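J.: A single structure is presented below for examination.
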Amino acid sequence: MEGFRPQYLDFQRGIRVGHLEPHQRITRILKQALETKFREEFVTDRYGRGVYWQWICFLSRANRAAKPLSHHTNFGCAKFFISINREDRAFQTGMQVERGYIEAPSGRASWELRKDWDWLHMIDALEKNPQFYRFLRRLLKEEGFHLKVGSWTKPSGFTPKEWPSANQLLGMLTKIPANHWGGFQLYYPMSPEEVRGSTGPDLVDAMMAVFVEVTPVINQCLKVKLRLHGRSS
């Protein structure tokens with residue numbers, strides 16, 4: 001944790017992971033912190049290449065392994081994530097669930113929604129378990145979280161000043177075009193000024209605090225639930 005620096009979050013290029021010592025890389029730091037917090041193994045995935053990555057995620061290996069059809073892939077798993085949104089100039093920390101395609105373009109059949117994906121668990125929870133929406137609404141209304149849902153080509157965004165009802169949210173999630181990649185993101189944004197005004201350990205603590213906050217929501221999507229243990233540090 002002591003090795004991480006705020007300057008490794010670059011709002012022009014992304015999250016720096018290359019040309020660093022192992023103890024400086026946020027991938028290793030967060031993976032170890034999550035495995036300590038939940039006492040289970042996590043898998044790391046990312047979008048990006050080279051020195052800077054735009055999006056990094058962490059998902060429960062036990063939950064993935066429990067999938068009879070999709071235990072070999074990360075797409076079907078709800079996951080924690082961090083990301084640099086260069087357009088919004090925000091560092092985002094939260095959770096994500098992907099729907100993939102219902103009708104995949106040519107050559108992308110492996111990215112089609114399958115019956116054991118966590119997306120379907122999430123839709124089921126939103127339809128049948130009022131607690132899921134209560135958790136979500138509290139984070140949006142009281143804790144400053146943001147929400148992004150729908151097709152990734154044209155997602156709908158929500159802030160603490162406005163958020164959808166449970167029925168509206170369900171409608172947006174179930175009406176994503178079949179040939180579009182779709183998903184759900186619940187995250188806490190930090191501005192460049194907030195990042196620069198923090199120490200590296202402060203930022204790691206903030207990321208872990210967000211992961212703890214969204215755990216009741218992500219658990220509604222998982223077949224194998226996460227159990228919290230001890231402190232994030």
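Bear in mind that the values in this text are calculations on the coordinates, not laboratory data. Everything numeric in this text was worked out from a predicted model, so none of it was measured. Backbone-built Cβ (ideal geometry, glycine too); neighbour counts: all protein chains shown.
J.: Once fully extended, how much extra length lies between ASN179 and ALA65, figured as 0.36 nm per residue of separation less the alpha-carbon to alpha-carbon distance?
T.: On the way: separation 114, 0.36 × 114 = 41.04 nm, distance 2.73 nm.
Contour length minus the Cα-Cα distance gives 38.3 nm.
J.: Please give every one of the lysines within straight-line cross-link reach of LYS154, meaning a C-alpha to C-alpha distance under 17 Å, and leave out same-chain neighbours fewer than 8 residues apart.
T.: The qualifying lysines are LYS175.
J.: For LYS37, which lysines qualify as cross-link partners when the Cα separation must be under 21 Å and same-chain residues fewer than eight apart are set aside?
T.: Counting by Cα, and skipping residues close in sequence, LYS37 has these lysines nearby: LYS79, LYS223, LYS225.
J.: How far, in nm, would the chain grow between THR44 and GLU87 when pulled straight, counting 0.36 nm per residue and subtracting the alpha carbon separation?
T.: Values: separation 43, 0.36 × 43 = 15.48 nm, distance 2.44 nm.
Result: 13.0 nm gained on full extension.
J.: For THR159 and ARG134, FRET efficiency with R0 = 25 Å and r from the beta-carbon atoms, rounded to 0.05?
T.: Numbers: r = 19 Å, r/R0 = 0.74.
Once the sixth-power term is evaluated, E becomes 0.85.
J.: Restrict the search to the range 156-202; then list the trypsin sites (Lys or Arg not before Pro) that DSSP places in a loop and that have at most 14 other Cβ atoms within 10 Å of their Cβ.
T.: Passing sites in the range 156-202 are LYS161, LYS175.
J.: Treating the angle as unsigned and between 0 and 90°, give the value, to the nearest 10°, between the Cα long axis of helix 118-128 and the longest Cα principal axis of the chain.
T.: Result, in degrees: 60.
J.: Tell me which label goes with the value of Cα Rg over 2.2 N^0.38 Å computed from the coordinates here: (1) 1.06; (2) 0.97; (3) 1.51.
T.: (2)
J.: So, one more: For the residues CYS77, CYS57, what sequence is obtained by ranking on other C-beta atoms within 10 Å, fewest first? Write out the running numbers ahead of the final one.
T.: On the way: CYS77 27, CYS57 21.
Arranged by neighbour count, lowest to highest, CYS77, CYS57 become CYS57, CYS77.
J.: Once the Cα atoms of helix 26-38 and of the chain are each reduced to a long axis, what angle between those two axes, in degrees from 0 to 90 to the nearest 10, is obtained?
T.: Approximately 70 degrees, to the nearest ten.
J.: Between exposed GluC sites (Glu not before Pro) in the chain, where DSSP calls loop and at most 14 other Cβ atoms lie within 10 Å, what's the longest gap?
T.: Numbers: sites that count: GLU2, GLU41, GLU87, GLU103, GLU143.
Longest run free of exposed loop sites: 144-233.
J.: Taking θ = phi - 60°, what integer Hz values does the Karplus form 6.51 cos²θ - 1.76 cosθ + 1.60 yield along the range 151-160, in sequence order, with x for Gly and Pro?
T.: Working through the residues one at a time gives 5, 5, 6, 7, x, 9, x, 9, 10, x Hz.
J.: How far, in degrees from 0 to 90, does helix 200-218 lean away from the longest principal axis of the Cα atoms of the chain, to the nearest 10?
T.: Between the helix axis and the principal axis of the chain, the angle is about 20 degrees.
J.: GNM on the chain, C-alpha springs below 10 Å: top fluctuator among MET190, MET95, MET208?
T.: MET190
J.: Between GLU193 and LYS225, 0.36 nm times their residue separation minus their Cα-Cα distance comes to what? Walk me through the numbers before you get to the answer.
T.: On the way: separation 32, 0.36 × 32 = 11.52 nm, distance 3.54 nm.
Computed gain between GLU193 and LYS225 is 8.0 nm.
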